[in-house]
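The structure appears right after this line, and notes come after that.
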Amino acid sequence: MILFSKHDPFYFGGLLQSFLTIFIISTLDLWDVVMRINIYGCDVYPSLSGYPLSPDYPCEDPKAFGYFAALFVGTVVVFGGMILPTMFIGVISIKFEQSTQKFSNEVADRLELASHIAILREDVEVCIFFDSEKIQIIDGIFKLMDINGQGRLDLNEVLHSKI
């Protein structure tokens, strides 16, 4: 881009203009005009309207770059116009697939949680039939059967309980 700045100040005169020109070439808009100006020189092309596309950017140092300009523009067209958009679409597709998978996993987790909640509700409905007095009686029976005091019943404790 610096190479063309003296010889094509309209398209490559400054950094912002150069980036805009690269974008224009990448989108395949006016790429042929930029290429021809730099192949033939700003004094030769465009011969119909004269180079100063704007009076602010006169052609003071014309130089023809020939095939090098064609190679530069061709590289920008292929890389910027074909490869980068393909990579961009690929990255978006991969991220979309990942977010879809994450959403599917969240849905599966929610369904599993809902099934656990349904099971717990059934258990709670069974417990509703016991009032606090019956629960105290059952707790007393459990404490009598729990010989070693571990808070659980082993087969030995059930077989050798006092009840």
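Brief remarks on what is shown
- One residue from K102, K95 being over 10 Å from the mean Cα position of the chain (by Cα), more than 26 Å from S18 (Cβ to Cβ) and not polar (S, T, N, Q): K102
- Inside region 13-40, residues that are surrounded by 13 or more Cβ atoms within 10 Å (Cβ to Cβ) and charged (D, E, K, R) make up a count of 1.
- Scan of region 2-12 for residues that are exposed (fewer than 14 other Cβ atoms within 10 Å of the Cβ) and touching a helix residue (DSSP H, G or I) at 6+ places or on another chain (Cβ under 6 Å), ordered by number: none
- Restricted to region 23-64, and to residues there that are of a type in the set (S, T, N, Q) and in a loop (DSSP other than H, G, I, E, B), the residue that is modelled with the highest pLDDT is T27.
- Filter pass, G81 being modelled with pLDDT under 90, outside any loop (DSSP other than H, G, I, E, B) and under 30 Å from G41 (Cβ atoms): yes
The values are calculated or read from the model by the stated rules, or taken from the named source; none is laboratory data. In this text the structure is predicted, and so the values were computed from the model without any measurement. Because the Cβ atoms are built from the backbone with ideal geometry, glycine has one as well, and the counts that use them run over all protein chains shown.
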